[in-house]
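K.L.:
Would you mind keeping the following structure in view while I ask a few things?
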Amino acid sequence: MAAPTTTSGPRRTRTLRTDRWWLPPLGTALGLSAFVVYGLVRTFMNTWYWAPEQHYLAPFFSPCLSEACVPGASHLGTPFPDLAPWVPPPVFVLPFVFGFRLTCYYYRKAYYRAFWLSPPACAVTEPHRRYTGESRLPLLLQNAHRYFFYAAVLVAAVLTYDTVLAFHGVNGGVGVGLGTLLMVVNVVLLWGYTLSCHSCRHLVGGRINHFSRHPVRYRLWTWVSRLNGRHMSLAWASLFSVALVDLYVMLVASGAFPDPRLIN
Amino acid sequence: MTATVGNVEPLRGRNGAMGQRVRLRVWRGSGDEGELRDYEVEAEEGEVVLDLLHRLQATHCPDLAVRWNCKAGKCGSCSAEVNGRPRLTCMTRMSLFDPEETVTVTPMRTFPVIKDLVCDVSYNYVKAREVPGFTPPAGVEPGQYRMWQRDVERSQEFRKCIECFLCQDTCHVIRDHEENKEAFSGPRFLMRVAELEMHPLDDYDGDRAEEARGEHGLGLCNITKCCTEVCPEHIRITDNALIPLKERLADRRYDPIPWLFRRRG
């Protein structure tokens, strides 16, 4: 056995981890930033969100509730006025959808790690001198997650309605295009993400202590718990699918891409 | 693992298995004073980090302090940090590491070091005592508890805890902020609160969710899930204990709708 040798290497270094611990938070930061930038550009682009021939409405603009919406895009009426050219229709709905993701327990973990570095990774020292977590304002507002969940359920229902409308054929009757299929996948992923939410899990049954007295709620809780185990995957998949469908509708509406029709 | 380090000759183990020398870097010292020291140790196939620490103890540094007991991942004694990650040394196989890699073993960072790899974990016992115990309903004696499995299975998951305190060690709320130790009980004891809060027979007359916030600092938790990542029992601490506790607290404190439907009296 070799004689022990002393190395300089205090225990109090930032981390002694030797793996690439910085890679997941970097990937998260890039992924979330790309989505936010795309969302902002798309929202303020304020065009090419309705493909009238195929009945495709871009998810970023659904429901389109402003008088500024292009004709045909407002399936639920236009209760909001056209305030200004720089106030696009999504500003009435997107804050709720954005709030749902912002206060989501998975995304909180993701952005606390990736952007606030609190901590950047497990057993890697965070750079902040003080830490109060979610015990004070503004982060105390994370407790409003369940209200954003209620709003997200409504938006998911509207997007489901949009998807049903996308089954219109270009020559009338029933039709299916590539966009229809993408919208179906998107709405399934959105429901999966919404229903796998921790607040949903709590509200359907997690809050009760005697499951045996509430067999239906227990069954619901069991289903949601199973989905909840995939909440992170569903969060990313639905984020990607929303952006993809939005991009697809934009390309179809602008005429840059002809929607391949499978049926009518 | 069939590793060789540098050009050192392979050795034969007791059972004929091929052995090799591996490099260990171990924290040596007491209190705040200490240093990382390098050693070369013989290793045999299938061994874990704790085996090598014991060999180091037996062959070269008999004064090396290591806390251990079962060597089966069930007593929670041999918690340490291996290459910077909180782990049970008895469950960390050497085959996990690259043969050329120096394996660094340090004590848990969150707790004061007594000597070498042994920490003073009494913080945890103080916090444990602050959680009011299970309170059975009046007139029900131990041995008379009757519960449906579905009612108690959530709490049972938390009973798998072996109290290795790796979750406490990795939690940045106290790992990086010593000043939070007084206000924050850590994931292990918030999980204990959740276990009792969800228990179908617990008749505690206080409000455990509210106490989780006030007495145990639930609000400091920002659910970054490191506790879940390091748990050797694979308890879903964040998803099944901390977040449900936060949701129950939201019921009581931040959500007016349940107030409207809450039974009075």
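Where a number appears in this text, it was derived from the coordinates with a stated rule and is not lab data. Note that the structure is predicted; figures quoted are calculated from it, not measured. Heads up, the Cβs are rebuilt from the backbone with ideal geometry, glycines too, and the neighbour counts pull from every protein chain shown.
K.L.:
How many partner chain Cβ atoms sit within 10 Å of a residue's Cβ in peptide A:198-207, on average, as a whole number?
P.N.:
That average works out to 4.
K.L.:
So which lysines can B:K181 reach, going by Cα to Cα under 21 Å and dropping same-chain residues fewer than 8 places off?
P.N.:
B:K127, B:K225, B:K246
K.L.:
Let me ask another. Amide H neighbours of B:R21 under 5 Å, counting only residues 5+ apart in sequence or on other chains, H built in-plane at 1.01 Å?
P.N.:
Correct list: B:V5, B:A43.
K.L.:
Spin-label point model (7 Å from Cα, Cβ direction): what's the B:V140 to B:A58 distance in nm?
P.N.:
That separation, rounded to one decimal, is 5.0 nm.
K.L.:
How would you rank B:180-192, B:155-167, highest first, on the average number of other Cβ atoms within 10 Å across their residues?
P.N.:
The packing order, highest mean first, is B:180-192, B:155-167.
K.L.:
From the phi of every residue in segment B:217-226, what ³J(HN,Hα) in whole Hz does the Karplus formula 6.51 cos²θ - 1.76 cosθ + 1.60 yield, where θ is phi - 60° and glycine or proline is x?
P.N.:
x, 4, x, 6, 6, 10, 6, 8, 6, 5
K.L.:
Determine ³J(HN,Hα), in whole Hz, for all residues of segment A:192-204 in sequence, where each value follows from phi through the Karplus function 6.51 cos²θ - 1.76 cosθ + 1.60 and θ = phi - 60°; x replaces Gly and Pro.
P.N.:
These are the phi-based 3J(HN,Hα) values: x, 5, 5, 7, 8, 4, 4, 5, 4, 4, 5, 5, 6 Hz.
K.L.:
Which whole-Hz couplings ³J(HN,Hα) result when phi for each residue of segment B:103-118 is put into the Karplus expression 6.51 cos²θ - 1.76 cosθ + 1.60, θ = phi - 60°, listed in order with x for Gly and Pro?
P.N.:
Each residue's phi maps through the Karplus curve to give 8, 9, 10, 10, x, 4, 6, 6, 10, x, 7, 8, 7, 6, 9, 9 Hz.
K.L.:
If one computes the Cα centroid of segment A:224-249 and of segment B:31-63, what distance in Å separates the two points?
P.N.:
47
K.L.:
Given charges of +1 on the Cβ of Lys and Arg and -1 on the Cβ of Asp and Glu, with all other atoms neutral, how large is the dipole of the protein assembly as shown about its Cα centre, in debye to the nearest 20?
P.N.:
Around 680 debye, computed over the protein assembly as shown.
K.L.:
If amide H atoms are built 1.01 Å from N in the plane of the peptide, which residues on other chains or at least 5 residues away come under 5 Å of the amide H of A:H75?
P.N.:
Result for A:H75 returns A:C64.
K.L.:
Which lysines have a Cα lying under 18 Å from the Cα of B:K74, excluding residues fewer than 8 positions away in the same chain?
P.N.:
Partners found: B:K160.
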